[in-house]
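Notes to accompany the following structure.
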Amino acid sequence: MRRYVVSQRKQRQLMLENQEEVKRLLVEAELARNLADEANSSKDNFLASMSHELRTPLTSIIGNSEYLLGQDEPTDLKAVLRDIESAGRAQLALVNDILDMSKISSGKFTIDEAPYNLKVLLTDVENMLSVRAKDTGNQLLVSQKREQQTYLKGDAQRISQILINLLSNAIKFTSNGKVMLTTWNDSSYLFLEVRDTGIGMPAETVERLFKPFEQADSSISKRFGGTGLGLFISHNLAELMGGEIQVTSCEGEGSTFTLRLPYIVTAKTITQEDREESASHSELNAKLSGSILVAEDTIELQLLERRILESMGLTVRVANNGLEAVELAQSETFDLILMDMQMPEMDGIEATRLLRQQGNTAPIVPLTANVMQKHRKIFEDLGCDDFLGKPIDKQELSVVLHKYLREPGLVQIDEVDDELMAIFFESASKNREKITNALSQQDWKQLKEIAHTVKGSAASFGYPELSNLAATVQTAFDDKDIKLAEKLSIDLGNEIAKLLP
């Protein structure tokens, strides 16, 4: 009997120990799940932050390059500016590819289907790449074997993205030859074929083309550059849209990429007016008529956006933050409002919310470096009418403006001077004084705001290290490490002093 009692006690003890072990494992599992959720959230925040920080300085680089290219300047200056613009656009394309790859890998990439005019889509793609093709000595030929009579249903933006990637590769790997985009359809599928007379590739390399970071062979990246992300993303986009990309190639003779997508027609007929629109869709310099309110807190970008819009014939008013934007919109009438989202005093989200609550019906278009899908959803829910990302894409800006404003003529751009650089140095000098005063008063909020301003403008004017230092100041304040933030703020003020003329 005694052994039996002892055995029962041991069993109870083992059961209790097992229960404790199960509880411990459940707690650890919950902790691991929370850590994983935090890691995913941190990754999303990091990607959003990376996108914002890279796009903001590129806004000034690309925008001012386009502006100067419209001037009657010496040829060598234009060549330099074309290089600047090309480098900026290449960097932007890389950022977009990295973000798209991340969304695809996490299963969060979505396809937005809507009616689209295939003729307009093809015209836009041709206009975007014709100069690049010409610069490489190539002919870019675009043809529709069968012109559509109705709008098709699909994600026009993603179809364009695939075509631009395929055509860009064809142009890059072809010299003094032909690059052809041809479309046709049967009852089930739409076919978009990109064929070139370039270097081609052997059959064994084709199967590696659609893997991330892969190119035909190691010599390709040395000769032509690139990350290999574009085809991986294009392949995945095609599959997400219910289609595929097929490849045939012969080394030394060229390659053919055929994008096959579901052929879905809508009841919306393409009118003569639509056809005329597509024929003139390349007139991106058309003058417009109307009044625009620009809400933007960075002085340099205010001037850039004002110049672009005024060169289109528009009347421009500038607000330094969301609060000023709301006040101006209450006292004046605007045909359209371009709203930055990250501003001091009141951000663009709150400003948009207030304007809509007050019954303001003017079109509000976010013009922001916050371009993640979750940000777009916020803007849409607030009642924004469209969306524009930074850096400013002149074609996208023109398309959006044409939706809401009148068009009486052609644009003429005024002569540029050194005003932007002078304003930057003046702003830098004032920021240095503000840093000194804020440090003496231990005004941490003011220091963080100054760091944000310097971070956005310094890289735009050729001082990336200063921009990075300002970013570390912001991060230190976000982490509530006041001692480090104070030290870095002193360093920031000293670095600004070194660059002042």
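The values are calculated or read from the model by the stated rules, or taken from the named source; none is laboratory data. It should be emphasised that the depicted structure is a prediction, and the values quoted were computed from it without experimental measurement. Positions of Cβ are backbone-derived with ideal geometry, glycine not excepted, and every protein chain shown enters the neighbour counts.
A few notes on this one:
- For W184: the one exception among (1) over 17 Å from T258 (Cβ atoms); (2) modelled with pLDDT of 85 or more; (3) surrounded by fewer than 21 Cβ atoms within 10 Å (Cβ to Cβ): (1)
- Taken together, K448, K498, K487 contain a single residue that is under 15 Å from P344 (Cβ atoms) and at pLDDT 80 or above, which is K448.
- With respect to (1) part of a loop (DSSP other than H, G, I, E, B); (2) modelled with pLDDT of 90 or more; (3) within 21 Å of the chain's Cα centre (by Cα), the lone exception for G242 is condition (3).
- Residue identified as in the same structural domain as L181 (by TED's automatic domain parsing), farther than 16 Å from G243 by Cα, assigned to a loop (DSSP other than H, G, I, E, B) and not acidic (D, E) among G137, G107: G137
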